[in-house]
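K.L.:
Input: one structure, supplied below.
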Amino acid sequence: MTTPEAEPEQEGAPRPEERLERAVRAAEQALIEYEIALETFRVEVENFSRLHEQRLGPVYARLEELEAQILEATAARTGDDEDRRRADEARARLMPIPGVEELLNGWMDGDGLFPEAAAMLTDQAVRPPQRVRPGEEARKLYRELARKAHPDLAQEESERVRREEFITRVNAAYARGDAAQLRELAEEWAAGPVPERRPSRAEELYVRLEWLDRRKEMLTLLAKELEESAIGAMLRLAPEDPDRLLEEIAEQLATQVRERETELAGILAQD
């Protein structure tokens, strides 16, 4: 690797290594802020995805069941082989599969919808889905810890490992919205060892800047994938009021359910 030729030092002017150190620190802080924003958005997408499945999963299941029943009723009426094939394919997609309880977050098992899920499709009261959305205190604590303990601030491998393990715990607590755990982690970090920052040579600083640039490129790709995902795109439609967005989608799905029920009733009435 080549480095720029040394410039003549002027009295009172910072040495080239000092300028590089400032550039590295600025790049580190910029990267950390970017990672904080990315992790915050990732948690929001994950939580919205969970709520989306909890709130709307039963309605999607009801729609799919109605579609299968409509195709089956149509096939029974027409006797057409192609209609029967489509009906069989639709029913096969609804057949129970191993582990369905975990996949559907406890809304359905091999015997069908749970009572709470069924209640959600009627006017009966139902326990609202659990919301795991970090509060203001948790967000503040998370940002402070991420800025202090971020692995990108480590200059030695052992220190990087220590920070990565600590930040993993911080991320887990933030994802749960556990402000109390985050406070304990903040106390733990404050009481822990403070790594000494040893002077860096110019070549090492250039390598550091290149590494930071490559990591920023990687995170940019991750952010793009997250933003372009189905849930990410949906969440960006109403970032300040995702609950209202869920309600709007639920209303649209409820209308579709009513339409399919009417369609099915019309087919059955022809028999």
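K.L.:
In nm, to one decimal, how far is the Val161 label point from the Glu17 one, both placed 7 Å along Cα→Cβ?
P.N.:
Rounded to a tenth, the inter-label distance reads 2.8 nm.
K.L.:
I've got another one for you. Would the range 147-246 count as rounded, prolate or oblate if I go by the C-alpha gyration tensor, calling it rounded below 1.5 in a/c and otherwise prolate when a/b exceeds b/c, oblate otherwise?
P.N.:
Taking the square roots of the gyration eigenvalues as a ≥ b ≥ c, the range 147-246 is oblate.
K.L.:
Moving on. Would you mind putting 228-237, 136-145 in packing order, based on average other-beta-carbon counts within 10 Å, highest first?
P.N.:
Top of the packing list down: 136-145, 228-237.
K.L.:
Ranked highest first by the average count of other Cβ atoms within 10 Å around their residues, in what order do 260-267, 69-76 fall?
P.N.:
My ranking of the peptides, most packed first, is 69-76, 260-267.
K.L.:
Pulled fully out, how much extra length does the chain show between Arg258 and Arg183, if you take 0.36 nm times their separation in residues and subtract their Cα-Cα distance?
P.N.:
22.1 nm
K.L.:
Taking 0.36 nm per intervening residue step and subtracting the Cα-Cα distance, what contour gain separates Glu33 from Arg85 on full extension?
P.N.:
Result for the pair: 13.3 nm of gain on full extension.
K.L.:
Also, quick follow-up: Which listed residue (His150, Leu182, Thr168) has the Cα farthest towards the positive end of the charge dipole for the range 139-197, taking +1 on Lys and Arg C-beta and -1 on Asp and Glu C-beta about the Cα centre?
P.N.:
It is Leu182.
K.L.:
Going by a ≥ b ≥ c, the root eigenvalues of the Cα gyration tensor, does the range 30-77 fall in the rounded group (a/c under 1.5), the prolate group (a/b larger than b/c) or the oblate group?
P.N.:
Prolate shape, in that a/c is at least 1.5 and a/b is the bigger ratio.
K.L.:
A follow-up question, please. Carbon-plus-sulfur fraction of the accessible area of the range 135-271, 1.4 Å probe, in percent?
P.N.:
51
The values are calculated or read from the model by the stated rules, or taken from the named source; none is laboratory data. The model shown is predicted, which means the values in this text are computed figures rather than measured ones. Here Cβ is always computed from backbone atoms with ideal geometry, including for glycine, and neighbour counts include all displayed protein chains. Note: areas computed on protein heavy atoms with side chains; ligands, DNA, RNA excluded. Shrake-Rupley method; radii C 1.70, N 1.55, O 1.52, S 1.80 Å.
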